[in-house]
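The values are calculated or read from the model by the stated rules, or taken from the named source; none is laboratory data. Everything numeric in this text was worked out from a predicted model, so none of it was measured. Backbone-built Cβ (ideal geometry, glycine too); neighbour counts: all protein chains shown. What goes into the accessible areas is simple: the full protein's heavy atoms, side chains included, and nothing from ligands, DNA or RNA. Shrake-Rupley method; radii C 1.70, N 1.55, O 1.52, S 1.80 Å.
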Protein chains: 2
Amino acid sequence: MTQPEMPILESPNCPLPIADRGQIVLGHGSGGLMTHDLIRDVFQSRLSNLILNSANDAAKITEAPPGKHLVISTDAHIIFPLFFAGGDIGRLAVCGTVNDVAMLGAEPRFLTATFILEEGFAINELEMVIDSFAEACQEAGVELIAADTKVTEKGKSDKLFISTTGFGWADSNLRIGGEQAKPGDAVIISGPVGNHGVAVAEARGNLGFSSQVRSDIAPLNHMVKALLDAGLDVHVLRDPTRGGLATTLVEIARQSGVNIELDEEKIPVDKPVLKTCELLGLDPLYMANEGKLILILPTNQAEDALRIMRSTLYGEQARLIGQVLEPSKGQIWLKTPFGTTRVLEMLAGEMLPRIC
Amino acid sequence: MTQPEMPILESPNCPLPIADRGQIVLGHGSGGLMTHDLIRDVFQSRLSNLILNSANDAAKITEAPPGKHLVISTDAHIIFPLFFAGGDIGRLAVCGTVNDVAMLGAEPRFLTATFILEEGFAINELEMVIDSFAEACQEAGVELIAADTKVTEKGKSDKLFISTTGFGWADSNLRIGGEQAKPGDAVIISGPVGNHGVAVAEARGNLGFSSQVRSDIAPLNHMVKALLDAGLDVHVLRDPTRGGLATTLVEIARQSGVNIELDEEKIPVDKPVLKTCELLGLDPLYMANEGKLILILPTNQAEDALRIMRSTLYGEQARLIGQVLEPSKGQIWLKTPFGTTRVLEMLAGEMLPRIC
């Protein structure tokens, strides 16, 4: 099949700008003219930078600074619905990955992304998502340097899935990781938990009432930088996303081989989140967060850490919530307000699917 | 919802090994116990390495060698069906990204991957894919260092989508890219074109007969290394995937601002591919490839390049197929066996969706 000759960088078969035609069609995934048009009109207009614009199939980035390690993280984002109070899949896809890179003490610099589009998806919704994606990149201080778009037939995907991979440089001598919690350390949470899970449940129409809860999606790299710049001896940083605070702490306890004791009364939970969870029989400790971090460090540095976190945009409500106990197989003990103690386990099944 | 206390690293709710339960369920995407079991049983057992096993949400890799740039590429793989003659989505997800990294002259070293699974997908098929993924990693010499799995409800995705991101180091003084083609350069293809497209069309039941064609999916990084180790002055390397040889050459011609002349008789096409395309009214120059590369370099180095390529596993049928002409807006002229010339354009719509 020979293609007709046509002027360069225009497509006479598609005389209208893409946005006016309104919907994703299979041809947008062909790798040919329509793909080029979509990338130019929807993506490059919002995410332009020198590396991305070089238009090769791979991106070449700067040499690593001496004494720095490269830190990399990847995440698929399949959240339903795409838009909800406090965010959308675009902001989520940036912040989720930026935060994972930051949790190893790295400064996130670059992102790559793949976009899987469903035939029939409204292009104005795609544009809203890419606007939000670009805004989150700017807030976090990262650049998109490579991307790929694919299109499935209608009914073979669900509007839009975004996978992102993030890169950053970390000081080679940093030892931050889930396996670094030590007996005597303090356990700090950067703010109230459960908001993202409740906001998404509500957007899905699962509540039957308005909770007024907004997702907490936010890039946490500036908070991490402030902590590291202060020279604190950070042992663990982790964002409690899927599975919530409880599941993430179990992971850390097992990786480090320690028990951790939490004081339930000290764990911040916004009232509307608590109320909604009580009504639905859910536990906010297992609800997903997208803008919170767990910090574990020596107890004598906890006050400094709290002061620094509270001075940052997303850490005003940071709280000391527990401490690391003796070496063990890794259990989380929750002291309740009634003086009893219960063991927290990982989330076993699925409380709310497609939460991130 | 408190989880019952349970032994560490086992899940009493799931007494059978995952493979015996047979299907992906939403709980596999929860981030909790079932996700951990799936990752351990299906992924880590096949893709174990020190970095991946560290079980943090991001991977920390070595410092960059001095004088090297980091090269990064990303791709979403949504091919239908998952299995076809000559390959599957696992081999594709590795080779597609390894090749994009290699096309900038880098040695691919690491991969990250996201796996979007559909509820109900057979776990034994997932295991076959991950076996193939692991085998391709080994052949290419790359390690998976970070991954993420998500699960959608049945009917909201199509069995399995894999996004991969690849990383490698390239000499900082290399200048390889689609914009580097120069008048007088030779244009070489590493082997016959169109096999992948035909093999996938057949696996889809679109042909109505058996073509005997197998996909050419292969990692091309060892071929690229052989060319660079020989000190050749490589200007352009590009793998003609979606949109085929024609679309990829149009991209290069436009990036470099040159015309390119091809000799149709010299372009290698396997007989069964040619026959199938003729029967279906398709043009093999627009059919996807997954194990071929276009090499553009000074004509006086073409013979050396062909000799080197033919000595490698996937380059035995490498051919000189054309030359770079004068600076221009970027057109591809195809000299036909009948003495006429036609202009090749990019693929305009979609010849075969979900080809990679």
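In whole percent, how big is the carbon plus sulfur part of the accessible area of chain A, probe 1.4 Å, protein atoms only?
Of the solvent-accessible surface of chain A, carbon and sulfur hold 51 percent.
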### Query
Can you tell which of B:His222, B:Ala253, B:Gly349 lies farthest toward the positive end of the dipole of chain B, using +1 and -1 charges on the Cβ of basic and acidic side chains (Lys, Arg; Asp, Glu)?
B:Ala253
### Message
Could you work out [θ]222 nm for chain B from helices alone, using -39500 (n - 2.57) per DSSP H run of at least four and dividing by all its residues? Round to the nearest 500 deg cm²/dmol.
### Response
-8000 deg cm²/dmol
### Burial order of peptide ranges B:95-101, B:229-235, B:69-75 (average beta-carbon count within 10 Å, highest first)
B:95-101, B:69-75, B:229-235
### Query
Highest mean first, what order results for B:255-261, A:172-178 on Cβ atoms within 10 Å?
B:255-261, A:172-178
### Summary
For the protein assembly as shown, using Cα atoms only, the Rg and Dmax in Å read 26.0, 92
### Task
Return the tail of the calculated pair distribution for region A:185-344, meaning the percent of Cα-Cα pairs more than 24 Å apart.
32 percent
### Query
What are the distances, in nm and sorted shortest first, from the label point of B:Asp229 to the label points of the same position in each other copy, with each label point placed 7 Å from Cα along the Cα-to-Cβ direction?
4.7
### Query
If contacts are Cα pairs under 8 angstrom and at least 6 residues apart, what is the relative contact order of chain B in percent?
21 percent
#### Entry: Accessible area buried at the B-A interface, both sides summed, 1.4 Å probe (Å², nearest 100)
8200 Å²
#### Entry: Shielding by other protein chains, A:163-176, mean Cβ within 10 Å
4
### Message
I need the inter-copy label distances for A:Lys266: point set 7 Å along Cα to C-beta, values in nm with one decimal, smallest first.
### Response
7.5
### Task
Order these peptides, A:103-115, A:322-334, by their mean beta-carbon neighbour count within 10 angstrom, highest first.
A:103-115, A:322-334
### Message
Can you list the copy-to-copy distances for A:Glu135, using a point 7 angstrom from Cα toward Cβ, in nanometres, shortest first?
### Response
4.8
### Query
Cross-link list A:Lys275/A:Lys335; B:Lys266/B:Lys292; B:Lys225/B:Lys271; A:Lys150/B:Lys156; A:Lys156/B:Lys159; B:Lys292/B:Lys329: which exceed 18 angstrom alpha carbon to alpha carbon?
A:Lys275/A:Lys335; B:Lys225/B:Lys271; B:Lys292/B:Lys329
## Note on the structure
If each part is reduced to its alpha-carbon centroid, region B:198-226 and region A:219-256 end up apart, in Å, by 45 Å
### Message
Per residue, how large is the accessible surface of region A:185-344? Use a 1.4 angstrom probe and give square angstrom.
### Response
38 Å²
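Per residue of A:236-248, what is the mean number of Cβ atoms on other protein chains within 10 angstrom of that residue's Cβ?
Averaged over the peptide's residues, the number is 3.
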### Query
To the nearest whole number, what is the average tally of beta carbon atoms from other chains within 10 Å of the beta carbons of peptide B:99-105?
3
